[in-house]
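Structure record follows, encoded as C-alpha cells.
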Amino acid sequence: MSKFSLSLVALSLSSALCVPAYAAQVPSGTVLAKVQELVRGNDAEAPTLNPLKAEGIPEMHILRDLFEGLVIQDKDGSVVPGVATSWETTDNKTYIFHLRHDAKWSNGDPVTAKDFVYSLHTAVDPKFASPNSWYLKLTGIKNAEAIIDGDKGVDDLGVKALDPYTLQFELDKPVPYFVAMTAHTVMMPINQTAVQEFGDEWTKPENMVSNGAYKLSKWVINERLEMVRNPNYWDNKHTVINKVTYIPFESQTSAMNRYLTGEVDITSDVPVAMADKLKKDHPNAYKITPLLCTYYYAMNTQRKPFDDARVRKAISYTIMRNVIASGVTKGNVPAYTFAHQDVANFKATAPEYSTWTQQQRDKEAAKLLKEAGYDKSNPLKATLLYNTSENHKAIAVAISSMLKKNLGMEITLDNQEWKSYLTARQEHNFDIMRASWCGDYNEASTFLSVLTSSSDKNFPSYSNPKYDEVLEKAQSAVDLKSRNQFYNQAEQILAKDMPIAPIYYFMQSRLVNPKLGGYPMHNAEGRIYSKDLYFKAK
C-alpha cells in the first residue's frame, strides 16, 4: 500500500522518469520447472473479451493477460510502465505519454499513439455505448462527458497523437492521479484493423489481435479459455509461463476440488465452510491478501419502500457485520464506510452507528421501520438478488435471517447466474442486491464517485444533489487535505441517506500452488499478471 501511495504522489510531479517493468523476476539460483503451464480458476464465465466493454472482475483477470495499457502495476500495486515508458505533466491537466518503440500487436504491427486515440474515440462514442462511460467521464478527459452524452463528436475528445510514439491528454480539470487511471481496461488499446474486418467477432480466437503478454488460442464457453505466449510482446524474453488456461467456476467447492486434484494452480476464492480446514491442512498453499474492495448491499431507492431512508437504515443497522466478516466469510474486516479502509491517503470518519452495540442498532432499526409503517405484524417483504456463489449465498442466508429475527422482514432469495445478474443489475430490477466494488485506482474517488447521480455504476439509483456537489468539489480540490475533507463529507451523507449498506472490506483467500513463484502478496487491487509468474522445479 505504502509504495503505491508514494507512486500516486510521484505521478503528480512535473515529470516521471520510469525504469522498465520486467515480467517474471526469477531469483538467482532458482531452478525452473520444465513445464510452464498455468491453470487459473476464475469467478465466472467472461461475458466479453472486449476491454472497452469489460465491467466485471472475471473478464478483467483475463484481459490483463491479453492486453496492456499505458501503465500496469507491479506486485506491490505501484504504477509501472506498460506500453508507455514515461510520462510528464506540469499542471495535472495536460499529460504526455511516451510510448515504447518495441511495443507490438500479436500480428507484429507496431502499437502506436493512434491506436490509443482510436480506442478512446470508440469507447466514448454513444453509439458504442460502453458500460464504462461513467469511468471515462470520471477521468476528466476534455469533452468526454459531452461526447458520451451526444453533445459533441468523438473528434473533440482531448486526446491526440503528437507523433507515432507520443500521446497527449488534455483534461477539463486537474486530476493528480490520472496516470493511475489509465490502467483501467477501458483505456487499453484495441486493434482497429481487426475490429473493422471482423466486427463484433474480432474477440474470437481466430480473429483477435492483442498487445499483451499472451494471445488467445482457444475459448470454449463455460468450459475453458486458453492463451499462449505472444512472441511479439515487448518483454516476451522475460516471460516464463508459456500457456495460461482460465476455468470458470461459480462453485468455490468445485474449484477447490480441482485444485486438490492438481488440475488448478490458483483458485479465485475458497469455500467459506472449508477455510479453516484448508488453512490448517495446506498452510503453504492457503494465501490471504488484502484487496481494495468493499462488499455491500444496494437498496433500490427508486422502488417503494426503499425510497424511504428509514427503511434503508433499518436494514443496514440490523446487519451484524462482525458475524458476516469474521464468521460467515472468515477473515474479512467489518465495513461502515464505502471507501475502503486501506485506500491511499484517506481515512474516513466512521459514522456514529458504528460505535453502537448491536443491541442499540437493532433497537433503532426496529424503531425506524415501525415509523415507516412496518413491524412484525405488518412485515416488509423484499427480494434479495445475488449471483451464483456459495459465499454470496451464505451471506444472503445469514443476513435474511438477521432481518427476519429483528425486523420481521420476509426476504425471498433470488439467485441468478452471472450474466443474468448483470442484466438485472443494469436494469435496476431488484429490491436489495448484493454487490462489491473494487478500486480501479488507489484513491477514494474510485469508490465515492460510483454513487453520483450520473454514474452508470450507481446500482441503488441514488440521487442527492448535495452529494454530487461535494464530490465535484473534491475533484476540483488542488490539495490532498481539502480533497479529503470533501470525501469525508460524502461519507457522512451516505451514512445519513444509506443507499447502500457497507458490510465488509475484503481480504482475499485463495489456494495457490506452492511451486508457483512471483505470486503478488501485496497488490491491494488483486491484480495478478500471469507474465509475472513462474513455476519452480520440485
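The values are calculated or read from the model by the stated rules, or taken from the named source; none is laboratory data. The structure displayed is predicted, hence computed values, not measured ones. As a convention, Cβ positions derive from the backbone with ideal geometry for all residues, glycine included, and neighbour counts pool all protein chains shown. Calculation scope for accessible area: heavy atoms of the full protein, side chains included, ligands and nucleic acids excluded. Shrake-Rupley method; radii C 1.70, N 1.55, O 1.52, S 1.80 Å.
Out of the range 459-487, which residues are more than 18 Å from ALA144 (Cβ to Cβ) and buried (at least 18 other Cβ atoms within 10 Å of the Cβ)? Those that are more than 18 Å from ALA144 (Cβ to Cβ) and buried (at least 18 other Cβ atoms within 10 Å of the Cβ): PHE459, PRO460, TYR462, ASN464, TYR467, VAL470, ALA474, ARG483, PHE486, TYR487. Only residues that are open to solvent by less than 10 Å² (accessible area, probe 1.4 Å) and part of a strand (DSSP E or B) were counted across the range 205-235, and they come to 3. Please tell me if SER445 is within 20 Å of THR349 (Cα to Cα) and free of Cβ contacts under 8 Å to residues at least 12 places away in the same chain. No. Every listed requirement among (1) open to solvent by 30 Å² or more (accessible area, probe 1.4 Å); (2) touching a residue at least 40 places away in the same chain (Cβ under 8 Å) is met by SER326 save one, (2). On the given criteria, is LEU413 of a type in the set (A, V, I, L, M), surrounded by fewer than 20 Cβ atoms within 10 Å (Cβ to Cβ) and modelled with pLDDT of 95 or more? Judged against the criteria, LEU413 is a match.
So which residues in the range 260-277 are at pLDDT 95 or above, more than 12 Å from LEU38 (Cα to Cα) and crowded, with 20+ Cβ neighbours inside 10 Å? Within the range 260-277, no residue meets the criteria. Among the residues of the range 448-479, count how many are in a loop (DSSP other than H, G, I, E, B) and within 16 Å of TYR177 (Cβ to Cβ). Of the residues in the range 448-479, 3 are in a loop (DSSP other than H, G, I, E, B) and within 16 Å of TYR177 (Cβ to Cβ). Can you tell me which residues in the range 237-247 are open to solvent by less than 30 Å² (accessible area, probe 1.4 Å) and either out of contact with any strand residue (DSSP E or B) (no Cβ under 9 Å at 6 or more places or on another chain) or not β-branched (Val, Ile, Thr) (or both)? The one that is open to solvent by less than 30 Å² (accessible area, probe 1.4 Å) and either out of contact with any strand residue (DSSP E or B) (no Cβ under 9 Å at 6 or more places or on another chain) or not β-branched (Val, Ile, Thr) (or both): TYR246. Number of residues in the range 236-276 that are assigned to a loop (DSSP other than H, G, I, E, B), among the aliphatic types (A, V, I, L, M) and more than 25 Å from the chain's Cα centre (by Cα) equals 1.
How many residues are part of a helix (DSSP H, G or I), without any contact (Cβ under 8 Å) to a residue 40 or more places away in the chain and farther than 17 Å from TYR95 by Cα when one looks only at the range 114-144? Don't jump to the end; show me each part of the working.
The initial filter retains those residues of the range 114-144 that are part of a helix (DSSP H, G or I), namely 114-124, 133-139, 144.
Add one more test, that the residue is without any contact (Cβ under 8 Å) to a residue 40 or more places away in the chain, and what stays is 121, 124, 144.
This time we only want the ones that are farther than 17 Å from TYR95 by Cα, so: 121, 124.
Looking only at that region, the number is 2.
Meeting the requirement of 1 or more residues that are hydrophobic (A, V, I, L, M, F, W, C) and within 26 Å of VAL270 (Cβ to Cβ), the helices (runs of 4 or more DSSP H) wholly within the range 358-447 are 390-407, 418-426. Can you pull out the residues in the range 133-151 that are touching an Asp or Glu at 6+ places or on another chain (Cβ under 9 Å) and surrounded by fewer than 22 Cβ atoms within 10 Å (Cβ to Cβ)? Answer for the range 133-151, where residues must be touching an Asp or Glu at 6+ places or on another chain (Cβ under 9 Å) and surrounded by fewer than 22 Cβ atoms within 10 Å (Cβ to Cβ): TRP134, LYS142, ASN143, GLU145, ALA146, ASP151. If the condition is being in contact with a Phe, Trp or Tyr (Cβ under 7 Å, 6 or more places away or on another chain), assigned to a strand (DSSP E or B) and either of a type in the set (Lys, Arg) or at pLDDT below 95 (or both), then the range 510-538 contributes no residue at all.
Of the residues making up the range 170-204, those that are in contact (Cβ under 8 Å) with a residue 12 or more places away in the chain, open to solvent by 40 Å² or more (accessible area, probe 1.4 Å) and farther than 18 Å from HIS98 by Cβ number 6. Say whether the condition of being closer than 30 Å to ARG64 by Cα, open to solvent by less than 40 Å² (accessible area, probe 1.4 Å) and among the aliphatic types (A, V, I, L, M) is met by at least one residue in the range 302-323. The answer is no; no qualifying residue exists. If you go through the range 97-112 and pick out every residue that is outside any loop (DSSP other than H, G, I, E, B) and under 26 Å from the mean Cα position of the chain (by Cα), you end up with 2.
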